Structure formats: structure tokens, C-alpha cells
Amino acid sequence: MKSYLFLLYRLITYNIKVIFANKFVYFVVAAFLFFGLIITIAIFDDPNFNEAVIYGFLVFPGLLLIFYPMAYGIQNDDDSKMLETIFGIPNYRYKVWLVRFVITAGVAATILLVLAALANFTLLRFDILPMLGQVMFPIVFLSSVAFVVSTLIRNGNGTAIVIVIIAFMFFVFANPLQSSPYNVFLNPFSEPRDMSEFIWTTIIFRNRLYLLVATSLCLLYGMYNLQFRERFI
């Protein structure tokens with residue numbers, strides 16, 4: 001049992017080094033600094049915190065954590081001349097890139113758990129795990145979008161530009177679609193005053209279901225694109 005746990009530990013730590021290009025500490029520090037910055041701005045702007053505000057505080061550091069790994073993952077392998085080696089692994093699409101996707105989401109969730117605990121201790125008492133679960137929906141969805149775009153463009157800089165544009169468009173439509181199930185950044189803790197609790201719960205359920213389905217489709221399409229290995233060399 002210990003040997004399996006040790007192998008799992010080695011697998012996770014090795015993939016973290018690859019995913020974050022040996023700069024994992026910098027991403028963690030950046031996430032904490034960014035989290036502290038938006039909290040400081042919010043304190044000076046409006047010190048009245050609630051769960052809806054905390055949700056927004058956690059989403060942005062999460063997006064920061066998944067942006068680089070998803071956008072530059074394939075390019076990093078190409079730059080390090082690892083693509084040929086990866087293509088030689090049976091079922092490499094699932095054993096390498098799907099595993100990295102899961103690890104990236106797990107790392108983001110772990111760091112956000114720490115940030116949520118800090119917010120719970122210093123700003124507002126709330127249920128940490130339900131909050132974290134809701135925050136991960138848009139983060140995992142945008143991770144899958146970045147992944148599938150990277151398999152289409154096959155260039156980190158190009159992928160980053162496209163993802164920034166896509167995320168910006170989602171932000172632009174977030175306000176007009178504030179209470180719509182099609183809002184990627186729907187805040188489940190910001191219930192409209194003129195809406196019944198049942199309708200709001202239904203909207204949240206539909207939104208999370210749509211994000212889950214869209215995430216699955218993006219992953220499947222990305223895995224499909226990885227079959228055409230000659231395009232990535």
C-alpha cells in the first residue's frame with residue numbers, strides 16, 4: 001500500500017512540475033497575492049461581505065491557476081521535445097493529458113480550499129465545501145475550453161489570446177445574463193429578490209448541468225483532436 005501511495009505521490013509531483021513548468025511556487029504565490037489584492041480593494045470599496053462576494057473572490061484566483069497549464073501544456077511538451085515520447089505511450093490521450101487535466105483541477109481546488117478557509121476565518125463564516133464545489137464549475141469549464149482550443153491552435157501564445165477573448169466575452173455577457181442558466185459566471189449565492197427560491201434553485205441546477213455537459217464535450221473533442229498526432233509535431 002505504501003508503495004502505491006509513493007508512486008501516486010511521484011506521479012502527481014512530476015506532473016505538477018511539467019504542468020507548471022517548474023514554476024508552481026510562483027503560481028501559488030501569485031494566487032495568494034491576487035486574492036489578497038481583490039480583498040483589499042473590496043474592503044476599501046465596500047466592507048459588507050456576504051457569500052456572493054466571497055464566491056467572486058475565489059473564482060478569479062482559480063482562473064489564474066488554470067490559465068497557464070491549459071493554454072501552454074501542449075507547447076511546453078513540444079518545446080521540451082517530449083511529444084514523440086508521449087505519443088509512444090499507449091492511450092496517451094487519457095494517460096497523459098486527461099490525467100494532467102484532473103491534476104490541474106485538483107491543484108486549483110486544493111489552493112482554493114486554503115483561500116476559502118482563510119476567507120472563512122478572517123472575513124465571513126460560511127460553508128467551505130459547498131462554496132468550493134460551486135466555484136469549481138466555471139473554473140473546470142474554462143479549463144476544458146482552454147484545453148480544446150490548445151488542441152486546435154497548437155500554440156501557447158495563440159491559445160492564450162483566444163482564451164482571454166473568450167473569457168472577456170463571458171464577462172461582458174455575465175451582467176445581461178445575470179439570472180440566466182446560460183451565464184458561465186452565474187453566482188449561485190446572489191439570489192434575485194424578485195424571484196422565488198424554487199425558480200432560482202432550478203436555474204442554478206440547469207446552469208451547473210449545462211457547464212458539466214459542455215465540459216465533457218470539450219474534453220471529448222480535445223481528446224479526439226489529439227488523435228491527429230502529426231499536426232502537433
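The values are calculated or read from the model by the stated rules, or taken from the named source; none is laboratory data. Note that the structure is predicted; figures quoted are calculated from it, not measured. So basically every Cβ, Gly included, is an ideal-geometry build from the backbone, and we count neighbours across all protein chains shown. Quick note on the areas: whole protein, heavy atoms, side chains included, nothing else; ligands and nucleic acids left out. Shrake-Rupley method; radii C 1.70, N 1.55, O 1.52, S 1.80 Å.
Is one or more of the residues making up region 112-134 in contact (Cβ under 8 Å) with a residue 24 or more places away in the chain and hydroxyl-bearing (Ser, Thr, Tyr)?
So far as region 112-134 goes, no, none of its residues is in contact (Cβ under 8 Å) with a residue 24 or more places away in the chain and hydroxyl-bearing (Ser, Thr, Tyr).
Check off (1) buried (at least 18 other Cβ atoms within 10 Å of the Cβ); (2) farther than 26 Å from Leu115 by Cβ; (3) not hydroxyl-bearing (Ser, Thr, Tyr) for Leu177 and give me the number that stays unchecked.
So the condition that Leu177 fails would be (1).
Could you please let me know if Phe205 is open to solvent by 70 Å² or more (accessible area, probe 1.4 Å), modelled with pLDDT of 90 or more, out of contact with any Lys or Arg (no Cβ under 7 Å at 6 or more places or on another chain) and farther than 15 Å from Gly62 by Cα? Break it down stepwise before answering.
Numbers: open to solvent by 70 Å² or more (accessible area, probe 1.4 Å): yes; modelled with pLDDT of 90 or more: yes; out of contact with any Lys or Arg (no Cβ under 7 Å at 6 or more places or on another chain): yes; farther than 15 Å from Gly62 by Cα: yes.
Yes; evaluated as a whole, the condition is true for this residue.
Among Ala109, Ala105, which is outside any loop (DSSP other than H, G, I, E, B), at pLDDT 80 or above and more than 24 Å from Asn50 (Cβ to Cβ)? Let's see the steps before the verdict.
Values: Ala109 fails: more than 24 Å from Asn50 (Cβ to Cβ).
Residue meeting the stated conditions: Ala105.
Just give me the residues in region 209-233 being modelled with pLDDT of 85 or more and either of a type in the set (Asp, Glu) or in contact with a Pro (Cβ under 8 Å, 6 or more places away or on another chain) (or both), in sequence order. Break it down into steps so the answer makes sense when it comes.
Going residue by residue through region 209-233, those that are modelled with pLDDT of 85 or more are 209-221.
Those that are modelled with pLDDT of 85 or more and either of a type in the set (Asp, Glu) or in contact with a Pro (Cβ under 8 Å, 6 or more places away or on another chain) (or both): Tyr210, Leu211.
Only residues that are without any contact (Cβ under 8 Å) to a residue 24 or more places away in the chain and part of a loop (DSSP other than H, G, I, E, B): list them for region 155-179, please.
Result: Asn175, Pro176, Leu177, Gln178.
So if I check each of Leu152, Leu186, Leu115, which one is open to solvent by less than 30 Å² (accessible area, probe 1.4 Å), modelled with pLDDT under 90 and in a helix (DSSP H, G or I)?
The unique qualifying residue is Leu115.
Against the condition β-branched (Val, Ile, Thr), open to solvent by 60 Å² or more (accessible area, probe 1.4 Å) and either assigned to a loop (DSSP other than H, G, I, E, B) or more than 27 Å from Ala52 (Cα to Cα) (or both), how does Ile199 come out, does it pass?
Working: β-branched (Val, Ile, Thr): yes; open to solvent by 60 Å² or more (accessible area, probe 1.4 Å): yes; either assigned to a loop (DSSP other than H, G, I, E, B) or more than 27 Å from Ala52 (Cα to Cα) (or both): no.
No; evaluated as a whole, the condition is false for this residue.
Answer with yes or no whether Phe168 is open to solvent by 90 Å² or more (accessible area, probe 1.4 Å) and either among the hydrophobic types (A, V, I, L, M, F, W, C) or closer than 28 Å to Val99 by Cα (or both).
Numbers: open to solvent by 90 Å² or more (accessible area, probe 1.4 Å): yes; either among the hydrophobic types (A, V, I, L, M, F, W, C) or closer than 28 Å to Val99 by Cα (or both): yes.
For Phe168, the condition - open to solvent by 90 Å² or more (accessible area, probe 1.4 Å) and either among the hydrophobic types (A, V, I, L, M, F, W, C) or closer than 28 Å to Val99 by Cα (or both) - is met.
Specify the residue that is farthest from Tyr224 (Cα to Cα); the eligible residues are those in region 118-149 that are polar (S, T, N, Q) and surrounded by fewer than 22 Cβ atoms within 10 Å (Cβ to Cβ). If you could, list the steps in order and put the result at the bottom.
Our first condition is that a residue be polar (S, T, N, Q); within region 118-149, this holds for 120, 122, 134, 143-144.
When the remaining residues are screened for being surrounded by fewer than 22 Cβ atoms within 10 Å (Cβ to Cβ), the result is 120, 122, 134.
Working: Asn120: 41, Thr122: 45, Gln134: 28 Å.
By that ranking, first place goes to Thr122.
Which numbered condition trips up Trp97, out of (1) hydrophobic (A, V, I, L, M, F, W, C); (2) modelled with pLDDT under 85; (3) open to solvent by 40 Å² or more (accessible area, probe 1.4 Å)?
Condition not satisfied by Trp97: (3).
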